[in-house]
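Undergrad: Dropping a structure here in structure tokens format, bear with me for questions.
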Amino acid sequence: MKIAAGQFTCVPADVAANVRQMSVLAGQARAQGAELMVFPELALTGYELEAVLADPGLWATAEDPRLDVIRKSGIATVVNCVAPTDGPRPAIETLVFGTDGELLTSYRKQHLFEHEQAVFAAGQHDGRFEFGGVRFALATCYDNHFPDLTVRGSTDGCQVHLASSLYGTGAGVDELAAIYPGIAKDLNMYVVLANHVGPAGQWTGCGRSSLWAPGGGLIAEAGTETAMVVTTDVG
């Protein structure tokens, strides 16, 4: 199976514009033979915490018609967004759609980073799904800094760890370079990271969306300045 990670610069608080960008990247990934694609954290809105807190119209569910073009892209997609919960605060949620557009699973970020704690509700359950005979684990950005979470995926028989994230320039570059190959090395899993590139709320995404092999070797890495798709074969 070929898997892709896509990075792009989100249009702040513009779901329609970001869906269009994601659709283009999904088409590029499919043309390269990819069967599944991962997008960055809060790809639907950009990392715009004040905007998403003020406007519930920016929140999305799996049935949201604004996602139709992604669901019809012909490949499985891992889409991170702001989603309503049963309480007053939304969640940072990952929606996984199959090639037929049906929802395979959803996952809510469990480890909220600093200022996120005042905006979002933390998830309580791990994210798992099977696709094409491969078992996947899900995590979102800061989740990946907690070995207990990543180890559970390996223990549960997952072969591939998928991470939708936002790492900025500066210290974020070093964090990205340490955390993700470390997961691949320590847990002997494929690791796929989709990161922002360019302005993302208060940060500037450093790009470098990457794929690592079991054992920690780098397979493919995107650049630091432009939208891009990187792919690899797993399994």
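The values are calculated or read from the model by the stated rules, or taken from the named source; none is laboratory data. Only a predicted model underlies this, so the values are computations on that prediction, with no experimental measurement involved. Every residue, glycine as well, gets a Cβ built from its backbone with ideal geometry; the counts of neighbours run over all protein chains shown. Just so you know, the surface numbers come from the protein's heavy atoms only, side chains and all, with ligands and any DNA or RNA stripped out. Shrake-Rupley method; radii C 1.70, N 1.55, O 1.52, S 1.80 Å.
Undergrad: How would you classify the stretch 78-183 from its alpha-carbon gyration tensor, with a ≥ b ≥ c the square roots of the eigenvalues: rounded for a/c under 1.5, else prolate if a/b is greater than b/c, otherwise oblate?
TA: Details: a/c = 1.68, a/b = 1.07, b/c = 1.57.
In terms of gyration-tensor shape, oblate.
Undergrad: Given the peptides 129-138, 186-195, 47-56, 5-14, arrange them by the average over their residues of other C-beta atoms within 10 Å, most packed first. Don't skip to the answer; put the middle values down first.
TA: On the way: 129-138: 18.7, 186-195: 24.4, 47-56: 16.3, 5-14: 22.8.
In descending order of packing, they fall as 186-195, 5-14, 129-138, 47-56.
Undergrad: Moving on. Counting only protein heavy atoms and using a 1.4 Å probe, what share of the accessible area of the chain belongs to carbon plus sulfur, as a whole percent? It would help to have the intermediate numbers written out before the result.
TA: Details: 4630 of 9240 Å².
After summing per-atom areas, the C and S share lands at 50 percent.
Undergrad: Net charge near Gly172, counting Lys/Arg +1 and Asp/Glu -1 over other residues with Cβ under 14 Å of its Cβ? Show your work: numbers first, answer last.
TA: Details: positive: Arg208; negative: Glu41, Glu114, Asp174, Glu175.
Once all neighbours under 14 Å are counted, the net charge is -3.
Undergrad: Return the long-range amide H neighbours of Ile219 (sequence gap of 5 or more, or a different chain), with a cut-off of under 5 Å between placed amide H atoms.
TA: So Ile219 has HN proximity to Leu211, Trp212, Ala213.
Undergrad: Would you calculate the separation in nanometres between label points at Gln202 and Thr226, each defined as 7 Å from the Cα along the Cα-to-beta-carbon direction?
TA: 3.2
Undergrad: Relative to the present Cα-Cα distance, how much length would full extension add between Gln117 and Ser23 at 0.36 nm per residue of separation? Before the final figure, lay out each step's value.
TA: Working: separation 94, 0.36 × 94 = 33.84 nm, distance 3.05 nm.
Stretched out fully, the Gln117 to Ser23 stretch lengthens by 30.8 nm.
Undergrad: May I pose another question? Nearest 20 debye, what's the magnitude of the dipole of the chain about its Cα centre given +1 on Lys and Arg Cβ and -1 on Asp and Glu Cβ? List each step's numbers first, then the result.
TA: On the way: 14 positive and 26 negative charges, 94 e Å.
That gives the chain a dipole magnitude of about 460 debye.
Undergrad: Can you spot the lysines whose alpha carbon is less than 22 Å from Lys2's alpha carbon? Ignore those fewer than 8 places along the same chain.
TA: Reachable lysines: Lys72, Lys185.
Undergrad: Let me ask another. According to the square roots a ≥ b ≥ c of the eigenvalues of the Cα gyration tensor, what is the shape class of the chain, taking rounded for a/c under 1.5, prolate for a/b larger than b/c otherwise, and oblate for the remainder? Provide the component values of the computation, followed by the final result.
TA: Working: a/c = 1.27, a/b = 1.18, b/c = 1.08.
Rounded.
Undergrad: Name the residues whose placed amide hydrogens come within less than 5 Å of the amide hydrogen of Met37, ignoring near sequence neighbours (fewer than 5 apart) on the same chain.
TA: For Met37, the qualifying residues are Ala4, Ala76, Thr77, Val78.
Undergrad: Hey, with R₀ at 30 Å, roughly what FRET efficiency would Asp233 and Phe146 work out to, going by the Cβ-Cβ distance, to 0.05? Don't jump to the answer; show the numbers that get you there.
TA: Numbers: r = 29 Å, r/R0 = 0.95.
Taking R0 as 30 Å, the efficiency between Asp233 and Phe146 is 0.55.
Undergrad: Per residue of the stretch 67-84, what does 6.51 cos²θ - 1.76 cosθ + 1.60 with θ = phi - 60° give for ³J(HN,Hα)? Whole Hz please, x for Gly and Pro, Karplus curve as stated.
TA: 8, 4, 5, 6, 5, 9, 6, x, 10, 5, 10, 10, 10, 9, 7, 8, 10, x
Undergrad: Oh, and also: What whole number of Å gives the distance from the Cα centroid of the stretch 95-119 to the Cα centroid of the stretch 9-67?
TA: Cα centres, the stretch 9-67 to the stretch 95-119: 12 Å.
Undergrad: Leaving out ligands and nucleic acids, and using a 1.4 Å probe, what accessible area per residue does the chain come to in Å²?
TA: Working: 9240 Å² over 235 residues.
With the other protein chains kept in place, the chain gives 39 Å² per residue.
Undergrad: Work out the charge dipole of the chain with +1 on the Cβ of Lys and Arg and -1 on the Cβ of Asp and Glu about the Cα centre, then indicate which of Gly101, Thr224, Gly74 is farthest towards its positive end.
TA: The residue sitting most towards the positive pole is Gly74.
Undergrad: Shape call for the stretch 169-235 from the C-alpha gyration tensor, a ≥ b ≥ c root eigenvalues: rounded (a/c under 1.5), prolate (a/b greater than b/c) or oblate? If you can, show how the numbers build up before the last one.
TA: Values: a/c = 2.91, a/b = 1.60, b/c = 1.82.
It is oblate, given that a/c is not under 1.5 and a/b is not larger than b/c.
Undergrad: Then there is this: According to a simple spin-label model (label point 7 Å from Cα along Cα-to-Cβ), what is the distance in nm between His125 and Val11?
TA: 3.5
Undergrad: Please turn the phi angles of the stretch 133-139 into ³J(HN,Hα) values with the Karplus equation 6.51 cos²θ - 1.76 cosθ + 1.60 (θ = phi - 60°), one per residue in order, whole Hz, x for glycine and proline.
TA: x, 10, 9, 10, 10, 10, 8
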